[in-house]
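A short write-up of the structure that comes next.
Since every read-out is calculated from the coordinates, none of them should be taken as a lab result. Because the structure is a prediction, the values reported are computed rather than measured. Virtual Cβ from ideal backbone geometry, glycine too; neighbours counted across all protein chains shown.
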Amino acid sequence: MSELRLQKFLADAGVASRRKCEDLIVEGRVKVNGRTITALGTKINPLNTIVTIDGWTIKAKNSKLYIAFYKPRGVLSTMSDDRGRSCIGDFFESKKERLFHVGRLDKESEGLLLLTNDGAWANDLAHPSKGIEKSYRVRVEEAVTREHLGRLLKGVRLEDGLAKASGAKAISGGFEVTLHEGRNQIVRRMASALGLTILSLTRTRIGRIHLGELKSGKWRYLSNVETVTR
């Protein structure tokens, strides 16, 4: 989970300058979850930490959260499940804010999934008019040929219409593909139409947001640049 230095959290919340916030910490006036903190290197998780100064609770100035999450394989793209199956919500049980996911990944797929409590941002990101690109890394049993890649780029006829990739290239053990649309299980259906058997499917990018070095089951906050949808 992403963490912030305590003095940065206080400064971002509008308490004072970072230097003044450091003074408040050294003076022993700041408590984290009821414990006095005087070490300037202390890091906190804003989602599950109560910070007070002289007994006053400090809240983050920006209550909107934007999170990149690596959904593991076998986890449902829901925040809860009445049958007790593993779901996204299991990874955010300590959250104070009510988060929801933007888009989905099927149970057997893994990779980048976005979560937020900002409905307007989520709607903006998901709107078809934006044409937000999504990239996937696909491992398959068969050898991927130039013909396969050419058909992905030219378009594959599915039961609900033509599905066309904006980018496709071969990689060791499979291929990478980029799409502007997000129809249900579209990558799996395209691969099946080409006679390819998927072993694993990982989403690696949504627009300008990359999975990067994020590990399975872990998450991080998005930067200000990453939250821009235009």
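For I58, the residues 5 or more places off, or on other chains, whose built amide H falls under 5 Å of its own are V51, T52, I53.
Before anything else, pin down the relative contact order of segment 133-206: Cα pairs under 8 Å, at least 6 apart, normalised by residue count, whole percent.
Values: 133 pairs, mean separation 35.8, N = 74.
Contact order relative to length: 48 percent.
The helix-based estimate of mean residue ellipticity at 222 nm for the chain, built from -39,500 (n - 2.57) per DSSP H run of four or more residues and divided by its residue count, is -5000 deg cm²/dmol to the nearest 500. Close amide H contacts of V30 (hydrogens built in the peptide plane, cut-off under 5 Å, sequence separation of 5 or more or a different chain): I37.
Would you calculate the volume per residue, in Å³, of the smallest convex hull containing every Cα atom of the chain? Working shown, then result.
Working: hull volume 33.6 nm³, N = 230.
Roughly 146 Å³ of hull volume per residue.
Which pairs in the list K8/K107; K20/K215; K164/K215; K71/K96 are over 32 Å apart, alpha-carbon to alpha-carbon? Table pairs above 32 Å Cα-Cα are K8/K107; K20/K215. This model, with +1 at the C-beta of Lys and Arg and -1 at the C-beta of Asp and Glu, gives segment 4-58 a dipole about its Cα centre of some 140 debye. Considering only DSSP states other than H, G, I, E and B, which trypsin sites (Lys or Arg not before Pro) in segment 79-156 qualify as loop sites with at most 10 other Cβ atoms within 10 Å? Qualifying residues, ordered by number: R83, R98.
Bridgeable aspartates and glutamates around K59 (alpha carbons under 20 Å apart, same-chain partners fewer than 8 residues away excluded): E3, D12, E22, D23, E93, E97, D118. Basic side chains Lys and Arg get +1 at the Cβ, acidic Asp and Glu get -1 at the Cβ, and with that the dipole of the chain about its Cα centre reaches some 300 debye.
The relative contact order of the chain comes to 20 percent, based on Cα pairs under 8 Å that sit 6 or more residues apart. Gain on full extension, evaluated as 0.36 nm per residue between V225 and S17 minus their Cα-Cα distance, stands at 72.6 nm.
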